[in-house]
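**Student:** Starting off with a structure, shown below.
The values are calculated or read from the model by the stated rules, or taken from the named source; none is laboratory data. Keep in mind that what you see is a predicted model, and the values were worked out from it rather than measured. So basically every Cβ, Gly included, is an ideal-geometry build from the backbone, and we count neighbours across all protein chains shown. Side chains included, ligands, DNA and RNA excluded: accessible areas come from the protein's heavy atoms. Shrake-Rupley method; radii C 1.70, N 1.55, O 1.52, S 1.80 Å.
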2 protein chains.
Amino acid sequence: MIIDCHGHYTTEPKDLHRFRKEQTEAVKNKSPLPSKASLKMSDDEIRETVEGAQLKLQRERGTDVTIFSPRASGMGHHIGDESVSLEWSQICNDLIARVISLYPKNFIGVCQLPQSPGVPPKNSIAELERCITKLGFVGCNLNPDPSGGYFNAPPLTDKWWYPIYEKLVELDVPAMIHVSGCCNPAQHTTGSYYLNADTMAFMQLIVSDLFKDFPTLKLIIPHGGGAVPFHWGRFRGIALNSGRPELDEIMKNNIFFDTCVYHQPGIDLLAKVVPTDNILFASEMVGAVKGIDPKSGHYFDDTKRYVENAAGLSAADKQKIFEGNAYRVYPRLKDTIARQAR
Amino acid sequence: MIIDCHGHYTTEPKDLHRFRKEQTEAVKNKSPLPSKASLKMSDDEIRETVEGAQLKLQRERGTDVTIFSPRASGMGHHIGDESVSLEWSQICNDLIARVISLYPKNFIGVCQLPQSPGVPPKNSIAELERCITKLGFVGCNLNPDPSGGYFNAPPLTDKWWYPIYEKLVELDVPAMIHVSGCCNPAQHTTGSYYLNADTMAFMQLIVSDLFKDFPTLKLIIPHGGGAVPFHWGRFRGIALNSGRPELDEIMKNNIFFDTCVYHQPGIDLLAKVVPTDNILFASEMVGAVKGIDPKSGHYFDDTKRYVENAAGLSAADKQKIFEGNAYRVYPRLKDTIARQAR
């Protein structure tokens, strides 16, 4: 079984965009918010949005299951206040649940959280709990920068975040550290901002005692770990100079990178420096980079090809990356796949 | 000849730190600023600070000349106002000139600029001009985020920056895009902040028309280009999807990466994906990562070894990286080396 641990619902029904636009305008103009009841998204329309996109690509590329969450750039935690973020998150998470109810064999749910700048992460616990226990999701996306581009939240290792980690541990689900759309003109959402947040998060974690406090907490850093594998020696050196152990040791049961790296030499490097046990297969499709690489003739985000062709990975390594590691990182995944396949 | 294009004076005389500490405290307390005349740094002391560090490492590693600028993390553009930044920059640049006057065969000067948050970059022109024409420097470090960690300056492609580019072009000198010390607790100065600024800058440049407006402007993105080579496919895909040409074409005569990447697989990747013509040898010594890699037995920042051992680089490629490209990127370099060697 090939499990893609990083997919977003980026082909949402049109009326969702209409609603969000109205919600955003209302926030800006301090006018009445649109009604949730106004949303019109039929099952047929939802089917249409995934049949020609995620499902088609799953079939073409030969992947089986996608761990699926709302569009990351759409979370927009910086838009409006906490209540706006909560309503929007509930709508987006419920929509993921509807996609799953239509295609239970193809998608497994991960939720967005109703974060908001300056609001304690503990306020996101109720929605997290609802998504895991009521909707049957297996994890969440945690935004380390609800400001949308200014990196002004406390580091992920600050006690500010501890209540949400306690709940993650209690529910036995991991978080993918994932920022949302960037409202800072200096950073490009998918080009620099996502990667910068990944690099920032890793650096925060490796010089902290977070995993002494939460030995079973599992955090996924997407997009191959940002800049980290390319600068593995830099991060190793800084860790060792700070009296920390080797990165392999620090990452061991707690930090995982995905394979959203869109060229063969990048995946080769990832496979070479990062322990195989800490790599999860993912493509981020349909996502950050659409289109076909004119040099290879294949989709940039068809990462399965790169993993299959990666220098130095044995068949057993590939099995871990494609499937085995995912069960370890998402403890609820195996049962959820079995339940949804019934 | 082996030219290291990225070295900082990170072993400054003690009294410089005393002065800066007093200056910073005075800014904080709104008390009188320390006098520049109080600074006591003898030639002997300056000799001592480099003999056991940069010069020793040049000899041991077999590099010939270092393009040398004030400590990057020490620029501290967010400290105090424009006049504080100007005085501090003049002191730091004059100190580089003194090091060069003592070791003209070993060091070539690059200046820091008296930037300050919210202050137009054009206000840095006078100090740039002084350093190039009076002190004989060959380039400058340009900080894309004078806030020290919040990335809230206009993108480098904004007209805000154009006056400084006009002067760079007129003087025929390049700028290295380099942030300073980070005052944002979410980002680690040398671990994530430097790399994030590099990645941010590259992304700004590749979707802009900056080099149509300044066809001869040369910008160096240090630390191997941040996350870019590892995510070469991602950036290629985003560029092509935005109707831009291939990255090779975009970078051609305008964007250059250095080799401050502290492990062999990283340098191998850099050499594989980035055009050889756009790579400059550099070590950032004595810099971000001190100490010896316990696995290799060599200094992390001894990047000459990695370049020498890089898979797929011919002798001609290595000559370009070690020497040839530097003359192209720093048009004043050849004459300056000759003049200082007399």
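**Student:** Have a look at B:C111, B:I337, B:P154 and report the one farthest towards the positive end of the charge dipole of chain B, computed about the Cα centre with Cβ charges (Lys/Arg +1, Asp/Glu -1).
**Tutor:** B:I337
**Student:** Still on this structure, please answer the following. For chain B, give me the percentage of DSSP beta bridges that are antiparallel, rounded to the nearest 5 percent.
**Tutor:** 5
**Student:** Alpha carbon centre of region A:213-243 versus region B:276-294: separation in Å?
**Tutor:** Their Cα centres are 19 Å away from one another.
**Student:** Sort B:C183, A:C111 by accessible area with a 1.4 Å probe, largest first.
**Tutor:** B:C183, A:C111
**Student:** Select from chain B the helices, each a whole stretch of DSSP H, whose alpha-carbon atoms run 20 Å or more along the helix axis and whose Kyte-Doolittle mean is at least -0.5; answer none if there are none.
**Tutor:** For chain B, where a helix must reach 20 Å along its axis and average at least -0.5, the hits are B:82-102.
**Student:** While we're on this one: Partner chain Cβ atoms within 10 Å, averaged over the residues of A:291-302 - can you pull that number for me?
**Tutor:** Partner-chain Cβ atoms within 10 Å, mean over residues of A:291-302: 2.
**Student:** For region B:139-188, what ratio Rg/Rh do Cα atoms give with a Kirkwood hydrodynamic radius?
**Tutor:** Rounded to two decimals, Rg over Rh is 1.03.
**Student:** Roughly how many Å² of A:K40 are accessible to a 1.4 Å probe, to the nearest 10?
**Tutor:** 140
**Student:** Given that compact globular proteins tend to follow 2.2 N^0.38 Å, what is the ratio of the alpha-carbon Rg of chain A to that value?
**Tutor:** That ratio works out to 0.94.
**Student:** On a straight-distance basis, which aspartates and glutamates could pair with B:K159 in a cross-link, Cα separation under 18 angstrom, same-chain partners fewer than 8 positions away excluded?
**Tutor:** Straight-line reach from B:K159, under 18 Å: B:D145, B:E170, B:D209, B:D213.
**Student:** Might you report the magnitude of the Cβ-based charge dipole of chain B about its Cα centre, with Lys and Arg at +1 and Asp and Glu at -1, to the nearest 20 debye?
**Tutor:** 200
**Student:** Please list A:330-342, B:145-157 highest first by mean number of surrounding beta-carbon atoms within 10 Å per residue.
**Tutor:** B:145-157, A:330-342
**Student:** Determine the share of the protein assembly as shown's accessible area contributed by carbon and sulfur atoms, expressed in whole percent, with a 1.4 angstrom probe.
**Tutor:** After summing per-atom areas, the C and S share lands at 52 percent.
**Student:** Tell me the accessible surface of B:R47 in square angstrom (1.4 angstrom probe, heavy atoms of protein chains only), to the nearest ten.
**Tutor:** 90
**Student:** Return the average number of partner chain Cβ atoms within 10 angstrom of each residue Cβ along peptide A:222-228.
**Tutor:** That average works out to 6.
**Student:** Which value in deg cm²/dmol, rounded to the nearest 500, describes the helix-derived mean residue ellipticity at 222 nm for chain B, given -39,500 (n - 2.57) per DSSP H run of n ≥ 4 and division by the residue count?
**Tutor:** -11500 deg cm²/dmol
**Student:** Just want the answer: with Cβ charges of +1 for Lys and Arg and -1 for Asp and Glu, which residue in A:I220, A:F256, A:N196 is farthest toward the dipole's positive end in region A:187-305?
**Tutor:** Result: A:N196, furthest along the dipole toward the positive end.
**Student:** On to the next question. Arrange the residues A:E82, B:E284, B:E12 by how much accessible surface each exposes, largest first, with a 1.4 angstrom probe.
**Tutor:** A:E82, B:E12, B:E284
**Student:** Now for a different question. List the accessible area buried at the contact between A and B, summed over both sides and calculated with a 1.4 Å probe, in Å² to the nearest 100.
**Tutor:** The contact between B and A buries close to 4300 Å².
**Student:** Please give the average number of partner chain Cβ atoms lying within 10 Å of the Cβ of each residue in B:259-267, rounded to a whole number.
**Tutor:** Taking the mean over all residues of the peptide, I get 6.
**Student:** Roughly what % antiparallel, to the nearest 5, for the DSSP beta bridges in the protein assembly as shown?
**Tutor:** 5
**Student:** Based on the Cα gyration tensor of region B:50-150, what are the three equivalent ellipsoid semi-axes, each the root of five times an eigenvalue, rounded to whole Å and given largest first?
**Tutor:** Equivalent ellipsoid semi-axes, largest first: 26, 15, 11 Å.
**Student:** I would also like to ask the following. So for chain B, averaging the separation of alpha carbon pairs under 8 Å that are six or more residues apart and normalising by length, what relative contact order in percent results?
**Tutor:** Here the relative contact order equals 18 percent.
**Student:** A follow-up question, please. Over region B:196-256, what lengths in whole Å, largest first, do the semi-axes of the equivalent ellipsoid take, defined as the square roots of 5 times the eigenvalues of the alpha-carbon gyration tensor?
**Tutor:** Over the Cα atoms of region B:196-256, the semi-axes work out to 16, 15, 9 Å.
**Student:** Another question, then. Order the following by accessible area, largest value first: B:M41, A:M75. Probe radius 1.4 Å; ligands, DNA and RNA are ignored.
**Tutor:** B:M41, A:M75
**Student:** Another question, then. For the protein assembly as shown, with only Lys/Arg (+1) and Asp/Glu (-1) charged at the beta-carbon, what is the dipole magnitude about the Cα centre, in debye rounded to 20?
**Tutor:** Charge dipole of the protein assembly as shown: 100 debye, to the nearest 20.
**Student:** Leaving out ligands and nucleic acids, and using a 1.4 Å probe, what accessible area per residue does region A:68-189 come to in Å²?
**Tutor:** With the other protein chains kept in place, region A:68-189 gives 30 Å² per residue.
**Student:** When the dipole is taken about the Cα centre of region B:181-321, and only Lys, Arg (+1) and Asp, Glu (-1) are charged at their Cβ, what size is it in debye, to the nearest 20?
**Tutor:** 100
**Student:** Please report how many Lys pairs in region B:15-146 have alpha carbons closer than 19 angstrom, counting only residues at least 8 apart along the chain or sitting on separate chains.
**Tutor:** The number of close lysine pairs in region B:15-146 is 7.
**Student:** Follow-up. Please compute, over every Cα-Cα pair in region B:1-120, the percentage with a separation greater than 16 angstrom.
**Tutor:** Percentage above 16 Å: 61.
**Student:** Specify the inter-centroid distance of region A:1-64 and region B:61-127, based on alpha-carbon positions, in whole Å.
**Tutor:** After rounding, the separation between the Cα centres reads 51 Å.
**Student:** Across region B:199-342, what fraction of all alpha-carbon pairs, as a whole percent, falls in each successive 10 Å bin from zero upward?
**Tutor:** So the P(r) values, bin by bin, are 11, 39, 34, 14, 2, 0.
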